[in-house]
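Trainee: Please find one structure pasted underneath; my questions will follow.
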Amino acid sequence: MRCLLVAILLALPALAQTFANPVPDYHPITPNQRVKWFVVSTAGPMSLLVTGPASAGMATAVDAPHEYGPHWEGFADRYGMRLTGISVGNAMEAGLGSIWGEDPRYFRSHERGFGPRMKYVIAASFMAPYRDGHWRPAYARYVGNVGNNFLSNTWRVPSASTPGQASLRCLYGVIGELSSNAFTEFWPDIRKKVFRAK
């Protein structure tokens, strides 16, 4: 986890170069939009019907943590634990972001080509626009990810409540952010091509 943190901190200046210009035609997020972001990110269809079942299903398949067991009840426990974790993390990101002026929304790239857009996806996972539309490190997102994963150690089963396990969940949080941004960036184009082909 320390290596990942150091790598992120070292990469921030290079990531900032990707966002030298502000978000085009940017309008600061409103309180209602912030609440909507929290609700959709936490309990929207993608979270409840895709990411949640996939995460709980994979953990159940390998029986981790073992205290829950490899059965439907264990699946439900893992699903619920994930939901509590992302609820806390998203609440931290939305709350602190509101104070600091950090916008949690993802804005699709205006670049062309897979490479530049993928670079944008990666950079946007660690940066966020602020009230002036300029990109800066997404500190509220960092706090939400690390805070929720270490705080949740207080209610997790023993084998999942170690500092090492919390650090691993933080890494999964970064991977989840990257995956979500990549989906938001590329899915509209894929959908157009697929449905146009039919």
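Trainee: Determine if the stretch 168-175 includes at least one residue that is over 18 Å from Phe38 (Cβ atoms) and in contact with a His (Cβ under 7 Å, 6 or more places away or on another chain). So that I can check it myself, show each step before the final result.
Mentor: Residues of the stretch 168-175 that are over 18 Å from Phe38 (Cβ atoms), as a first pass: 168-172, 174-175.
Now drop any that are not in contact with a His (Cβ under 7 Å, 6 or more places away or on another chain), which leaves none.
Within the stretch 168-175 (the criterion being over 18 Å from Phe38 (Cβ atoms) and in contact with a His (Cβ under 7 Å, 6 or more places away or on another chain)), the answer is no, since none of the residues qualifies.
Trainee: So which of Val121, Val88 ends up being surrounded by fewer than 19 Cβ atoms within 10 Å (Cβ to Cβ), assigned to a helix (DSSP H, G or I) and at negative phi? Quick ask: steps written out before the conclusion?
Mentor: Details: Val121 fails: surrounded by fewer than 19 Cβ atoms within 10 Å (Cβ to Cβ).
From the options Val121, Val88, the qualifying one is Val88.
Trainee: Tally the residues that are more than 16 Å from Gly80 (Cβ to Cβ), surrounded by 15 or more Cβ atoms within 10 Å (Cβ to Cβ) and of a type in the set (S, T, N, Q), restricting the search to the stretch 154-168. If you could, list the steps in order and put the result at the bottom.
Mentor: The first filter runs over the stretch 154-168 and keeps only residues more than 16 Å from Gly80 (Cβ to Cβ), leaving 158-159, 162-168.
This time we only want the ones that are surrounded by 15 or more Cβ atoms within 10 Å (Cβ to Cβ), so: 165-167.
Then keep just the ones that are of a type in the set (S, T, N, Q); that gives 165, 167.
Looking only at that region, the number is 2.
Trainee: Where the second residue is aromatic (Phe, Trp, Tyr) and part of a loop (DSSP other than H, G, I, E, B) and the first is closer than 14 Å to Arg78 by Cα and lies in the stretch 152-163, which pairs have Cβ atoms under 8 Å and are six or more apart or on separate chains?
Mentor: Once the first residue is closer than 14 Å to Arg78 by Cα and sits in the stretch 152-163, its partners that are aromatic (Phe, Trp, Tyr) and part of a loop (DSSP other than H, G, I, E, B) give Val157/Tyr68.
Trainee: Condition check: in contact (Cβ under 8 Å) with a residue 24 or more places away in the chain and either more than 20 Å from the chain's Cα centre (by Cα) or closer than 27 Å to Asp132 by Cα (or both). Does Leu83 satisfy that? Walk me through it before giving the result.
Mentor: On the way: in contact (Cβ under 8 Å) with a residue 24 or more places away in the chain: yes; either more than 20 Å from the chain's Cα centre (by Cα) or closer than 27 Å to Asp132 by Cα (or both): no.
No: the conditions fail for Leu83.
Trainee: Going through the stretch 105-118 one residue at a time, which ones are touching a Ser or Thr at 6+ places or on another chain (Cβ under 6 Å) and in a helix (DSSP H, G or I)?
Mentor: Going through the stretch 105-118, the residues touching a Ser or Thr at 6+ places or on another chain (Cβ under 6 Å) turn out to be 106, 117.
Selection gives Arg117 alone.
Trainee: Looking only at the stretch 164-198, filter to residues that are of a type outside the set (D, E, K, R) and more than 30 Å from Phe150 (Cα to Cα); which one of those is modelled with the highest pLDDT?
Mentor: Filtering the stretch 164-198 for residues of a type outside the set (D, E, K, R) gives 164-168, 170-176, 178-184, 186-188, 190, 194-195, 197.
Right, trim to more than 30 Å from Phe150 (Cα to Cα) and you get 186-188, 190, 194-195, 197.
Values: Phe186: 96, Trp187: 92, Pro188: 93, Ile190: 91, Val194: 86, Phe195: 79, Ala197: 54.
If we take residues in the stretch 164-198 being of a type outside the set (D, E, K, R) and more than 30 Å from Phe150 (Cα to Cα), then Phe186 is modelled with the highest pLDDT.
Trainee: Which of the residues spanning the stretch 134-151 are within 16 Å of Arg34 (Cβ to Cβ) and not in a helix (DSSP H, G or I)?
Mentor: If the condition is that a residue be within 16 Å of Arg34 (Cβ to Cβ) and not in a helix (DSSP H, G or I), then Ala138 is the only one that fits.
Trainee: From the residues in the stretch 16-51 that are among the charged types (D, E, K, R) and in a helix (DSSP H, G or I), which one is surrounded by the most Cβ atoms within 10 Å (Cβ to Cβ)?
Mentor: At the first step, the residues of the stretch 16-51 found to be among the charged types (D, E, K, R) are 25, 34, 36.
Then drop every residue that is not in a helix (DSSP H, G or I), which leaves 34, 36.
Numbers: Arg34: 18, Lys36: 14.
Restricting to residues being among the charged types (D, E, K, R) and in a helix (DSSP H, G or I), the top hit is Arg34.
Trainee: Quick one: would you say Phe126 is over 23 Å from Ala94 (Cα atoms) and touching a helix residue (DSSP H, G or I) at 6+ places or on another chain (Cβ under 9 Å)? Spell out how you get there, then give the answer.
Mentor: Details: over 23 Å from Ala94 (Cα atoms): no; touching a helix residue (DSSP H, G or I) at 6+ places or on another chain (Cβ under 9 Å): yes.
So Phe126 does not fit the description; no.
Trainee: Looking at (1) of a type in the set (Val, Ile, Thr); (2) surrounded by 13 or more Cβ atoms within 10 Å (Cβ to Cβ); (3) at pLDDT below 95, which is the only condition Thr60 fails?
Mentor: Here Thr60 meets the rest and fails (3).
Trainee: Looking at (1) modelled with pLDDT of 75 or more; (2) out of contact with any helix residue (DSSP H, G or I) (no Cβ under 9 Å at 6 or more places or on another chain), can you tell me which one Cys3 breaks?
Mentor: In the conditions (1) modelled with pLDDT of 75 or more; (2) out of contact with any helix residue (DSSP H, G or I) (no Cβ under 9 Å at 6 or more places or on another chain), Cys3 misses (1) alone.
The values are calculated or read from the model by the stated rules, or taken from the named source; none is laboratory data. Worth saying up front: this structure is predicted, and the values here are computed from it rather than measured. Here Cβ is always computed from backbone atoms with ideal geometry, including for glycine, and neighbour counts include all displayed protein chains.
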